[in-house]
Amino acid sequence: MTAIDALVVGGGVTGTAAALALAERGARVTILDAGTNAGSNTNAGSLHVQMQSRFMRLYPDQVPNVEAALPFYREATEEWVRLDRELGGIDLLQNGGLMLAESDDQLAFLEMKVARETAKGLAVEILDRTALNRVAPWLGPQIVGAELCREEGKLNPLLANAKLGARAAAAGVTRHTARIDTLEQTSSGVTAIAGQEHYQADQVIVAAAWGSGRLAMPFGLAIPSKSEPLHMNITESGAPQISHLVQHAERSITLKQFGSGQIVIGGGWPAHDLGETQPPTIALNSLLGNVALAARIVPGIGKLRIIRTWAGMNTTTDGASVIGRLPSADRVIMALPGDAGYTLGPLVGRIAAEMALDMKPSMDVKLFAPDRFAA
Amino acid sequence: MAETTFWFEGQDIRAKEGQSLAAALTEAGHRAFRQTAKDAHRGIFCGMGVCQDCLVTVDGMPNQRACMTLAQEGMEVARQVALPEFGDASDTISGNALHLAPDVLVVGGGAGGLSAAIAAAQAGASVAILDERKVAGGQYYKQAADGSILDNQQADGARLLAEAKESGAEIISGVELWGAFDGLLFLGQHESTPVIAQPKTAIIATGAYERPVTVPGWTLPGVMTTGAAQTLWRSYQTLPGKRIAVCGSGPLNVQVALELAKGGAQIVYIAERAPRAITQPMTALSMALADPKLATQGLGMLAGLRARGVPVRYRSELVHIEQKDDALSATFRKPSGHEDTVTIDALCMNAGFEPQNEILRLLGAKMHYDPAMGHLRCQKSQTMQTSVDGLYAIGDCTGLGGAPAARIEGEIAGRHAASAAGHSKADNLTRAHRTLARHRAFQSKLWQLYDIAPSDTAPLPDTTLICRCEELTLGDVRQGLGDRPSHIGTLKRATRVGMGRCQGRYCGPVAARMIAEATGKPIEDLSFFAPRVPIKPVAISSILAAQEALDDGD
Ligand SMILES: Cc1cc2nc3c(=O)[nH]c(=O)nc-3n(C[C@H](O)[C@H](O)[C@H](O)COP(=O)(O)OP(=O)(O)OC[C@H]3O[C@@H](n4cnc5c(N)ncnc54)[C@H](O)[C@@H]3O)c2cc1C
Ligand SMILES: Cc1cc2nc3c(=O)[nH]c(=O)nc-3n(C[C@H](O)[C@H](O)[C@H](O)COP(=O)(O)OP(=O)(O)OC[C@H]3O[C@@H](n4cnc5c(N)ncnc54)[C@H](O)[C@@H]3O)c2cc1C
Ligand code: FES
């Protein structure tokens, strides 16, 4: 294989995975990253597979997209399992995810969901309270049942980012801090322009999350990459008791325990947006509401103390990933994971790299082609 | 004096009434309270609720600070394990929240806060003072738990406290504020009750905590800040040990050494990093002229120590500390380069102060870096208002200034805050401003005589612990800085430095300086960890109770 020169705009998990995949196949790669508000730096490390109820509630029109992508989520967690082996320890545990119901209505909703997800080949089932007591005795008494998705899991994103970054650097990937204003495609290559700086390469992978839509715009695509500031909380350490990823059928929450014993609580509560160059700030109601909800569904954690909260920038699309060459600029390859983007990031990045190398992508991603946003 | 008995690891321990668990355990000879994730032992360090190293389990509730918890009859106290079982449903949430909406909320009941409250109340404002300690008074006026009076310093404090009570200000002790939000909304907890304060104006007077001497062994039980030892003695009549060494720089070390010696401890070594004051005669003289009384007091202390045969060793510093059976072995380097090693029960350290400015930074009050003191100062106007409307800041939390300055600043802020809340005009403060100028002149000369500029980490070995909570060494931080030193947030994510319970209060300033050195960029507000709620760890049950209380209010 001949070495190509590739730029990757955006150095979160997607961009880093793409750059690593390229470099491992002999390409010379440079990451250009603005250095602000990477969702990868602030995310909670949940490996999502089943449809998130929060998402189904907030963006009902996008549910068909997510549903169609379910097998992709399962494959993406497999990608993380592979990475865990290769990177050596990122606290990955794939012990399944529980989505809790507090009423018969919610349980009925989950049963409907299980049917749809089973049709897509997911390993999901409903657990009644007796069955739940065996695997999750720490749940509050009001929980009547749950959906268990065996493929779900969790990992420590700080460890994963550090190890993935180190591996990319070792593979020869270089990294510059630059905020790209525009991309230009010429007959001989593509140029990424940041103020006075021009970076040239044969191809570019755009993994710039919320910054991607703007870069694609001049090429006639309206990719709805929107920034979404979200809230997180973490406790001090407790004895390992919670091995599942915990969610709720109707309310926004993810709760899990890291290898350190710390409990991480999030799930999509909003934060205050201060723009692209500053991190979002904490909203009081999110802190109170998110933690109070956690305390209600897992009452035993009431004794632990919250030691930190933070807010970070998620990126939403139309619910599905955006992967592929731009129809009007074939040297530009989009790599946006979309919903639950940390789960999808490594797989999306690798597939984008395969496309850059003109290899046959290891998964069929026609569904995610950018041309669906052609104006 | 009345006594209570509590249980520690199956042994009954006697405590004086009002004594903290930390003091009672120290008196009973226990030093190690907590076990870390890496199986190290920790005990009292800061003595004031900041370091989170004195944790114990009390009646089944994990992670309680022994230094902030009073011993009570029959309490079951256990060493804190690293990973406590958190069990089933919690029964710690109490129903009602305490809602406060005063004209003036004062956070911190020390020299500054009490004076501010008095001035505001006298101007007609409704005032509430919240203080984290069980007995208000702050660090300088630290009161004894049993109400006894040790010396003039405590007597002055008792008078100030009585005056504050008479002024009509409501003093609520044992309230820890953990959150501050725009529009002046404060959240705290009072035992297990949530506190919700929505004042018209707020005066922040949270004081300072101590900068340690970061050397190998500084986390061993028995090594504590000088102020922690002072609190043991002044509040609880407990000596930190029989044989004690003191080190660092600044007048507090000498003062506390003398206090402990008078209390019956044997002070075996005092190492002061700065040269003797006489080597800077002009500075010493102008300091003495700025405040002859305080300067004389300082000389008196030195004489007192000399009379007890305890010399202060100047230009001497702590090198390392080791555990030796039940004792500590501390090694000091003398100006000659030779080393002295002493065997002691307790080592006290203070190398300056760090302002407790978390609430101010959270609310966005502007700061600037003061290189002489090595910490941030809060920008404030003549009225003591910060860059945030309705938010005033006084005393050591705005940058070290000492108790007399804190009192005057309190008076000025109290008057202006009351006036801003619609009460009588804040006039006739010319004299106060003149006195303040004199105190500030004294302080600036005083600190020039000491060596409190943050010390260089370069000579320290890689094995030196930097982040007490996450147990990270200087080597870890150096490695994290390695390839691309950029920003403290990046370093934090790469190494976990500052991610623990104390929220970076000890490692943060060190990391900020190391990054400044590595990048050549000057230190500023953004060099330090971004302020975040909660500023002190807060129980989930307490957040749940606050949420319920605020929900009801809607
Ligand atoms: C609080 C929070 C919790 C989350 N929890 C989870 C979870 O548990 N599980 C999960 O699967 N997902 C989670 N997510 C979502 C997930 O973090 C993101 O979807 C994912 O990290 C996206 O990765 P990325 O590499 O595509 O983009 P990012 O990590 O966002 O990186 C994009 C990078 O591109 C840079 N950039 C943008 N524009 C430009 C430009 N013009 N030039 C140069 N650089 C540019 C940005 O500065 C940034 O560094 C969470 C998100 C948040 C905010
Ligand atoms: C440990 C220590 C010992 C000291 N001893 C001496 C001494 O002996 N002689 C001397 O000259 N100087 C001493 N100093 C310096 C001296 O304390 C100050 O100059 C003086 O007390 C400053 O007054 P202040 O009002 O600014 O703060 P302080 O007197 O420190 O008062 C601050 C108060 O705020 C409270 N507080 C802080 N955070 C919160 C929160 N989040 N919620 C609720 N309450 C809070 C604290 O409990 C404290 O009572 C000492 C400093 C320290 C840190
Ligand atoms: S000694 Fe108790 S918190 Fe520091």
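The values are calculated or read from the model by the stated rules, or taken from the named source; none is laboratory data. Not measured: the values here are computed from a predicted model. For neighbour counting, all protein chains shown are included, and Cβ atoms are generated from backbone atoms with ideal geometry for every residue, glycine included. To get the accessible areas, we keep the full protein, side chains included, count just its heavy atoms, and leave off ligands, DNA and RNA. Shrake-Rupley method; radii C 1.70, N 1.55, O 1.52, S 1.80 Å.
Per-structure values
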{"quantity": "Residue check, B:G29 more than 23 Å from B:G147 (Cα to Cα), within 11 Å of ligand 3 (Cβ to nearest atom) and either of a type in the set (G, A, S) or free of Cβ contacts under 8 Å to residues at least 40 places away in the same chain (or both)", "calculated": "no"}
{"quantity": "Meets criteria (acidic (D, E), part of a loop (DSSP other than H, G, I, E, B) and either within 22 Å of the chain's Cα centre (by Cα) or surrounded by fewer than 20 Cβ atoms within 10 Å (Cβ to Cβ) (or both)) for A:E250", "calculated": "yes"}
{"quantity": "Residue in region A:173-187 that is surrounded by fewer than 20 Cβ atoms within 10 Å (Cβ to Cβ), assigned to a strand (DSSP E or B), charged (D, E, K, R) and more than 14 Å from chain B (Cβ to nearest Cβ) present", "calculated": "yes"}
{"quantity": "Failed condition for B:R14, given (1) more than 30 Å from B:C397 (Cβ to Cβ); (2) charged (D, E, K, R); (3) outside any strand (DSSP E or B)", "calculated": "(3)"}
{"quantity": "Residue identified as more than 16 Å from ligand 2 (Cβ to nearest atom), more than 18 Å from A:A169 (Cβ to Cβ), β-branched (V, I, T) and in contact with a strand residue (DSSP E or B) (Cβ under 7 Å, 6 or more places away or on another chain) among A:T42, A:T14, A:T30, A:T36", "calculated": "A:T42"}
{"quantity": "Meets criteria (within 14 Å of chain B (Cβ to nearest Cβ) and not polar (S, T, N, Q)) for A:A340", "calculated": "no"}
{"quantity": "Scope region B:504-520; condition in contact (Cβ under 8 Å) with a residue 40 or more places away in the chain and open to solvent by 30 Å² or more (accessible area, probe 1.4 Å); matching residues", "calculated": "B:R513"}
{"quantity": "Matching entry among B:D462, B:D427 (being in a loop (DSSP other than H, G, I, E, B), out of contact with any Ser or Thr (no Cβ under 8 Å at 6 or more places or on another chain), farther than 22 Å from B:D370 by Cα and open to solvent by 40 Å² or more (accessible area, probe 1.4 Å))", "calculated": "B:D427"}
{"quantity": "Those residues of region A:253-280 which are assigned to a loop (DSSP other than H, G, I, E, B) and farther than 21 Å from A:N156 by Cα, in sequence order", "calculated": "A:A271, A:D273, A:L274, A:G275, A:E276, A:T277, A:Q278, A:P280"}
{"quantity": "In region B:240-265, the residues that are within 16 Å of ligand 3 (Cβ to nearest atom) and hydrophobic (A, V, I, L, M, F, W, C)", "calculated": "B:V256"}
{"quantity": "Residue ranges of helices (runs of 4 or more DSSP H) in region A:1-113 with at least 2 members modelled with pLDDT of 95 or more", "calculated": "A:13-24, A:70-87"}
{"quantity": "Selection count where residues are open to solvent by less than 20 Å² (accessible area, probe 1.4 Å) and in contact (Cβ under 8 Å) with a residue 60 or more places away in the chain, scope region A:316-333", "calculated": "10"}
{"quantity": "Residue count, region B:26-55 (criterion: more than 16 Å from ligand 2 (Cβ to nearest atom) and not hydroxyl-bearing (S, T, Y))", "calculated": "17"}
{"quantity": "From B:G124, B:G108, residue being surrounded by 22 or more Cβ atoms within 10 Å (Cβ to Cβ) and of a type outside the set (A, V, I, L, M)", "calculated": "B:G108"}
{"quantity": "Scope region B:535-547; condition of a type outside the set (A, V, I, L, M, F, W, C) and in contact (Cβ under 8 Å) with a residue 24 or more places away in the chain; matching residues", "calculated": "B:K536, B:P537, B:S541, B:S542"}
{"quantity": "B:T214 closer than 21 Å to B:G414 by Cα, within 16 Å of ligand 3 (Cβ to nearest atom), away from chain A (no Cβ under 14 Å) and not in a strand (DSSP E or B)", "calculated": "no"}
{"quantity": "Yes/no for A:R325 being more than 30 Å from B:V81 (Cα to Cα) and basic (K, R)", "calculated": "yes"}
{"quantity": "Residues satisfying the stated conditions in region B:209-236, i.e. touching a Lys or Arg at 6+ places or on another chain (Cβ under 8 Å) and away from ligand 2 (no atom under 16 Å from the Cβ)", "calculated": "B:T219, B:P221, B:G222"}
{"quantity": "In region B:430-454, residue nearest to B:S316 (Cα to Cα) [restricted to those that are crowded, with 19+ Cβ neighbours inside 10 Å and among the charged types (D, E, K, R)]", "calculated": "B:D451"}
{"quantity": "Subset of region B:465-492 that is more than 14 Å from chain A (Cβ to nearest Cβ), open to solvent by 30 Å² or more (accessible area, probe 1.4 Å) and not polar (S, T, N, Q) - its residue that is farthest from B:P281 (Cα to Cα)", "calculated": "B:R478"}
{"quantity": "Number of positions in region A:311-337 that are within 14 Å of another protein chain (Cβ to nearest Cβ) and not small (G, A, S)", "calculated": "1"}
{"quantity": "Qualifying residue in region A:298-310 (condition: farther than 23 Å from B:T57 by Cα and more than 7 Å from every other protein chain (Cβ to nearest Cβ))", "calculated": "no"}
{"quantity": "Neighbours by Cβ (under 7 Å, 6+ apart or cross-chain): first from region A:20-43, within 14 Å of chain B (Cβ to nearest Cβ); second open to solvent by 30 Å² or more (accessible area, probe 1.4 Å) and in a helix (DSSP H, G or I)", "calculated": "A:G39/A:A209; A:S40/A:N161; A:N41/A:N161; A:N41/B:R493"}
{"quantity": "Residue list for region B:486-545, restricted to those being within 16 Å of ligand 3 (Cβ to nearest atom), under 23 Å from A:Q278 (Cβ atoms) and not assigned by TED's automatic domain parsing to the domain that holds B:D476", "calculated": "B:P534, B:I535"}
{"quantity": "Hits in region A:269-293 (condition: within 7 Å of chain B (Cβ to nearest Cβ) and either without any contact (Cβ under 8 Å) to a residue 40 or more places away in the chain or over 15 Å from B:V533 (Cα atoms) (or both))", "calculated": "A:L284, A:L288, A:G289, A:A292"}
{"quantity": "Any hit, region B:493-503, residues being open to solvent by less than 40 Å² (accessible area, probe 1.4 Å), among the β-branched types (V, I, T) and at the interface with chain A (Cβ under 10 Å from one of its Cβ atoms)", "calculated": "yes"}
{"quantity": "Which listed residue, of B:A144, B:A197, B:A169, B:A164, is within 14 Å of ligand 2 (Cβ to nearest atom), touching a residue at least 40 places away in the same chain (Cβ under 8 Å), more than 14 Å from chain A (Cβ to nearest Cβ) and more than 21 Å from the chain's Cα centre (by Cα)", "calculated": "B:A164"}
{"quantity": "Residue match in region A:199-209 (condition: crowded, with 19+ Cβ neighbours inside 10 Å and in a helix (DSSP H, G or I))", "calculated": "yes"}
{"quantity": "Residues within region A:295-310 that are open to solvent by less than 10 Å² (accessible area, probe 1.4 Å) and in contact (Cβ under 8 Å) with a residue 60 or more places away in the chain, tallied", "calculated": "8"}
